[in-house]
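What follows is a short report on a single structure.
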Amino acid sequence: MRLRGGFEDKKVYVWFEALIGYISAARILSERRGKPDLWKEYYMDPEARVYYFIGKDNIPFHTIIWPAMLMAKGGINLPYDVPANEYLRFRGPAVFQEQGGHRLHGARGPERGAQGLPEVLHGNDAA
């Protein structure tokens, strides 16, 4: 996407379908739990608040592009808050960097899979 207003030499690249993954994953989880409409409680209930905890490099995608996609669809809650942080670092480079970064697993090791990191970061490493 080309930009205007003095930023014509810049481009923004978005994997459009990547943002839709939030809702897709919630729908799949709901179906696996035997409650196919459960995801709607989080994304369509007007009383629900959706937070997106992100790294600072994702601010434009989660505060401009994702809300625009949701408004175009209609009926889905917009982000309530998008707290952005510096990059998580572990022994040098930013964790999850595509090139040369480290993969950080939960405190109990790789057997925890993707679930481990958020639990460790939030100080909630209960089994």
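Around the Cα centre of region 1-86, unit charges on the Cβ atoms of Lys, Arg, Asp and Glu (plus for the first two, minus for the last two) sum to a dipole of about 200 debye. Residue-wise HN-Hα couplings along region 27-42, as the Karplus relation 6.51 cos²θ - 1.76 cosθ + 1.60 with θ = phi - 60° gives them from phi, are 5, 4, 4, 4, 5, 5, 8, x, 10, x, 9, 4, 4, 5, 4, 8 Hz; Gly and Pro carry x. Here's how it looks for M44: its modeled amide H is under 5 Å from those of N77, which are all 5 or more places away or on a different chain. Rounded to the nearest Hz, the phi-derived 3J(HN,Hα) couplings of region 49-63 under the Karplus curve 6.51 cos²θ - 1.76 cosθ + 1.60 (θ = phi - 60°) are 10, 9, 10, 10, 8, 9, x, 4, 6, 9, 4, x, 5, 8, 10, where x marks glycine and proline.
Cα to Cα, under 18 Å, and not fewer than 8 places away if on the same chain: which lysines meet these conditions relative to K40? Of all the lysines, those that pass the test against K40 - Cα under 18 Å, at least 8 places apart if same chain - are K73.
Throughout, read-outs are computed from the coordinates displayed, never taken from laboratory work. Keep in mind that what you see is a predicted model, and the values were worked out from it rather than measured. Ideal geometry is used to build each Cβ from the backbone, glycine not excepted, and the neighbour counts take in all protein chains shown.
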